[in-house]
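K.L.:
Questions regarding the structure given below will be posed in turn.
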Amino acid sequence: MIDVAGVVKRFGRVTALDGVDLAVPRGTVCGLLGHNGAGKSTLINILATQLRPTAGTARVAGYDVVAQGREVRRRIGLAGQFATLDERISGADNLMLIARLLGAGRRLARARTDELLAAFDLTGGAARPVRTYSGGMRRRLDLAAALVGRPGVIFLDEPTTGLDPVGRLAAWEIVQGVVRDGATVLLTTQYLDEADRLADSITVLSHGRVVAAGTPAGLKARIGARTVTVRLTGEADLPLAARSLQRAGLRPACDLARTSVTVPVAAPRDTATVIRTLDELGIEISELVLAEPTLDEVYLAATERAREAAPMTAAERGSSGRPPEGLGIAPQKGGAR
């Protein structure tokens, strides 16, 4: 549903995207991660037909974003970093207006409006002017507006920024619901737990280049193995535990301060070996924790490798050292819905 090949975007001497490739299958969520200025919003704007690429090609739902922009816009929803709402009218009227502009009759537009207001917990404030909404309410209404037309492809640019934990959970459930119904989502986010929960695949951008891509589990596996940490009831048992685990073919590391042993585990049977070995020695365990690498570690490792492999000069990326996300672009008012 999203197919990007060798996309480059330059703003004068600043290169915001430098040969980006991306493929997102139907009915999945792709998480797009990267530091501020990595090129995430620039890529979203190209896919939403708000910017033209300098080079390369991009297709959305089978349509070229340059040559067939109108067909692309008919099939997408967009919630950008800036809310695109009319503050003079009510929240309900904002959604009604969009539904009518998309061709819905009055009855169908009202039904869809009521459905989205309920889904985003906005029914209580539906009749109030948007200018009276809190920041979180505006963000929820903007997300609802992006879904009015039941688009097949949805671009969400940091959609939960400013939402409280309850609002974030509600937004996650909505995203999961539209994906179950067959929609495809490209999600940029600064919250790695959000990407871990929602994304079927992850692409990491750094200075306009893809530096890592794959499933969350696959990317974590590249960084390191799972570990089992066991805390013992007595410090005196640590040396014996470590020697026995080594003889069992494992690689234990002791932490005297915490009275614990940490062991990398490549397979479930390794966890069983740890428990069985300590049990046979009569060593009591007060705590056992199974952990795996996090997306935070994946992101930091990928971006660090990118900096080491291809350091950028100020001349290449502008005086700030990184390409500004929206250089030369006005805030996304009246963006694609």
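K.L.:
Closer than 29 Å to residue 281 by Cα, surrounded by 12 or more Cβ atoms within 10 Å (Cβ to Cβ) and at pLDDT 90 or above: does that describe residue 215?
P.N.:
Details: closer than 29 Å to residue 281 by Cα: no; surrounded by 12 or more Cβ atoms within 10 Å (Cβ to Cβ): yes; at pLDDT 90 or above: yes.
No: the conditions fail for residue 215.
K.L.:
Then there is this: Give the residue that is nearest to residue 302 (Cα to Cα), with candidates limited to residues of region 19-47 that are more than 14 Å from the chain's Cα centre (by Cα) and of a type in the set (D, E, K, R).
P.N.:
21
K.L.:
OK, next. Based on this model, can you work out whether residue 190 counts as over 10 Å from residue 29 (Cα atoms) and open to solvent by 10 Å² or more (accessible area, probe 1.4 Å)? Talk me through it step by step, then tell me what you get.
P.N.:
On the way: over 10 Å from residue 29 (Cα atoms): yes; open to solvent by 10 Å² or more (accessible area, probe 1.4 Å): yes.
Here the answer is yes, as residue 190 does meet what is asked.
K.L.:
Please work out which one of (1) in contact with a strand residue (DSSP E or B) (Cβ under 7 Å, 6 or more places away or on another chain); (2) in contact (Cβ under 8 Å) with a residue 40 or more places away in the chain is the condition residue 253 fails and give its number.
P.N.:
The one condition residue 253 does not meet is (2).
K.L.:
While we're on this one: Go through region 173-187 and report how many residues are open to solvent by 20 Å² or more (accessible area, probe 1.4 Å) and out of contact with any strand residue (DSSP E or B) (no Cβ under 9 Å at 6 or more places or on another chain).
P.N.:
Going through region 173-187 one residue at a time, the tally reaches 5.
K.L.:
Which residue pairs have Cβ atoms closer than 7 Å, lie 6 or more positions apart in sequence or on different chains, and pair a first residue in region 156-171 that is farther than 16 Å from residue 185 by Cα with a second residue that is charged (D, E, K, R) and in a loop (DSSP other than H, G, I, E, B)?
P.N.:
Close Cβ pairs (under 7 Å, with a partner that is charged (D, E, K, R) and in a loop (DSSP other than H, G, I, E, B)) amount to 170/121.
K.L.:
Among the residues of region 286-302 satisfying the criterion of being among the hydrophobic types (A, V, I, L, M, F, W, C) and assigned to a helix (DSSP H, G or I), which is modelled with the lowest pLDDT?
P.N.:
My answer is 301.
K.L.:
Go through the residues of region 159-167 one by one and say whether even a single one is among the polar types (S, T, N, Q) and within 30 Å of residue 35 (Cβ to Cβ).
P.N.:
Within region 159-167, the first condition is being among the polar types (S, T, N, Q), and the residues that meet it are 160-161.
In the following step, the residues that additionally are within 30 Å of residue 35 (Cβ to Cβ) were identified as 160-161.
Yes - at least one qualifying residue is present in region 159-167.
K.L.:
Look through region 154-172, keep the residues that are part of a helix (DSSP H, G or I) and open to solvent by less than 50 Å² (accessible area, probe 1.4 Å), and return whichever of them is modelled with the highest pLDDT. Working first, answer last.
P.N.:
Of region 154-172, the ones part of a helix (DSSP H, G or I) are 165-172.
Now narrow it down to the ones that are open to solvent by less than 50 Å² (accessible area, probe 1.4 Å): 167-168, 170-172.
Values: 167: 83, 168: 88, 170: 85, 171: 87, 172: 91.
Selected residue: 172.
K.L.:
Sticking with this structure for a sec: Considering each of 228, 263 in turn, give the residue that is in contact with a Leu (Cβ under 6 Å, 6 or more places away or on another chain), in contact (Cβ under 8 Å) with a residue 60 or more places away in the chain and under 30 Å from residue 212 (Cβ atoms).
P.N.:
Details: 263 fails: in contact (Cβ under 8 Å) with a residue 60 or more places away in the chain.
Criteria check complete, one pass: 228.
K.L.:
Then there's this: Could you check how many residues of region 63-122 are of a type in the set (D, E, K, R) and touching a Gly at 6+ places or on another chain (Cβ under 7 Å)? Show your work before the answer.
P.N.:
First, pick out the residues of region 63-122 that are of a type in the set (D, E, K, R): 64, 70-71, 73-75, 86-88, 93, 100, 106-107, 110, 112, 114-115, 121.
Cutting the leftovers down to touching a Gly at 6+ places or on another chain (Cβ under 7 Å) gives us 75.
Number satisfying all stated conditions: 1.
K.L.:
What's the number of the condition residue 254 fails, among (1) closer than 30 Å to residue 240 by Cα; (2) surrounded by 15 or more Cβ atoms within 10 Å (Cβ to Cβ); (3) modelled with pLDDT under 85; (4) not β-branched (Val, Ile, Thr)?
P.N.:
(3)
K.L.:
Please work out which residue is surrounded by the most Cβ atoms within 10 Å (Cβ to Cβ), limiting yourself to region 118-153 and to residues that are among the β-branched types (Val, Ile, Thr) and touching a helix residue (DSSP H, G or I) at 6+ places or on another chain (Cβ under 7 Å). Break it down into steps so the answer makes sense when it comes.
P.N.:
Residues of region 118-153 that are among the β-branched types (Val, Ile, Thr), as a first pass: 123, 130, 132, 148, 153.
Remaining after also requiring touching a helix residue (DSSP H, G or I) at 6+ places or on another chain (Cβ under 7 Å): 123, 130, 148.
Values: 123: 14, 130: 20, 148: 24.
Filtering region 118-153 for residues that are among the β-branched types (Val, Ile, Thr) and touching a helix residue (DSSP H, G or I) at 6+ places or on another chain (Cβ under 7 Å), the one surrounded by the most Cβ atoms within 10 Å (Cβ to Cβ) comes out as 148.
K.L.:
Within region 218-239, take every residue that is more than 33 Å from the chain's Cα centre (by Cα) and open to solvent by 60 Å² or more (accessible area, probe 1.4 Å) and give me the one that is nearest to residue 193 (Cα to Cα). So that I can check it myself, show each step before the final result.
P.N.:
Kept after step one, since they are more than 33 Å from the chain's Cα centre (by Cα), are these residues of region 218-239: 231-239.
Now narrow it down to the ones that are open to solvent by 60 Å² or more (accessible area, probe 1.4 Å): 231, 233, 235-236, 239.
On the way: 231: 27, 233: 33, 235: 35, 236: 38, 239: 37 Å.
Out of the qualifying residues, it is 231.
The values are calculated or read from the model by the stated rules, or taken from the named source; none is laboratory data. Please read all numbers here as calculations on a predicted model, not as lab measurements. Heads up, the Cβs are rebuilt from the backbone with ideal geometry, glycines too, and the neighbour counts pull from every protein chain shown. Note: accessible area is taken over every heavy atom of the protein model, side chains too, but ligands, DNA and RNA are not part of it. Shrake-Rupley method; radii C 1.70, N 1.55, O 1.52, S 1.80 Å.
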